[in-house]
1. On the given criteria, is Arg60 at pLDDT 90 or above, outside any helix (DSSP H, G or I) and either open to solvent by 50 Å² or more (accessible area, probe 1.4 Å) or under 19 Å from Thr10 (Cβ atoms) (or both)?
2. Looking at (1) at pLDDT below 95; (2) of a type in the set (Phe, Trp, Tyr); (3) assigned to a strand (DSSP E or B), which is the one condition that is false for Phe42?
3. Scan segment 1-27 for residues that are modelled with pLDDT of 90 or more and open to solvent by 80 Å² or more (accessible area, probe 1.4 Å) and jot them down.
4. Which numbered condition in (1) touching a Lys or Arg at 6+ places or on another chain (Cβ under 8 Å); (2) open to solvent by 50 Å² or more (accessible area, probe 1.4 Å) is the only one that Tyr31 fails?
5. Would you check which residues across segment 78-94 are surrounded by fewer than 12 Cβ atoms within 10 Å (Cβ to Cβ) and modelled with pLDDT of 80 or more and list them?
6. If I filter segment 35-51 down to residues being open to solvent by less than 50 Å² (accessible area, probe 1.4 Å) and out of contact with any helix residue (DSSP H, G or I) (no Cβ under 9 Å at 6 or more places or on another chain), which single residue comes out as nearest to Arg93 (Cα to Cα)?
7. Identify all residues within segment 32-56 that are over 20 Å from His99 (Cα atoms) and among the aromatic types (Phe, Trp, Tyr); write none if there are none.
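The values are calculated or read from the model by the stated rules, or taken from the named source; none is laboratory data. Everything numeric here is computed off the predicted structure, so don't read it as measured data. Backbone-built Cβ (ideal geometry, glycine too); neighbour counts: all protein chains shown. Keep in mind that these areas ignore ligands, DNA and RNA; they rest on the heavy atoms of the full protein, side chains included. Shrake-Rupley method; radii C 1.70, N 1.55, O 1.52, S 1.80 Å.
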Amino acid sequence: PILLCPQELTTVRVQDPRVHNEGSWNSYVDYKIFLHTNSRAFTAKTSCVRRRYREFAWLRRQLQRNAGLVPVPELPGKAGFFVGSTDEFIERRRQGLQHFLQR
């Protein structure tokens with residue numbers, strides 16, 4: 001008999017951006033990170049946390065430190081002087097963070 005092993009799948013979604021302290025100098029946005037997997041490497045099959053951009057930057061630095069010759073994906077850029085709406089920027093960043101985690 002042929003035994004079929006189910007393919008391991010992991011889905012990561014970056015969603016639900018929230019602005020904190022809006023209108024002040026110390027305002028920031030965090031994002032809900034939702035993970036679903038059937039991988040045996042994970043004890044919890046689903047998890048959900050909220051993270052800020054700077055925590056993604058920390059993760060990228062850790063990955064670079066341990067990656068050797070494997071390239072680590074880029075993060076979307078910092079805000080700087082953004083032309084356009086804040087909502088548009090937040091959505092583009094959300095998409096970039098999701099792309100980073102998927103890669």
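1. no
2. The failed condition is (3).
3. If we filter segment 1-27 for residues that are modelled with pLDDT of 90 or more, which is where we start, we get 11-20.
Residues satisfying the conditions are Arg13, Arg18.
4. Failed condition: (2).
5. Selection gives Asp87, Glu88.
6. Thr37
7. Phe42
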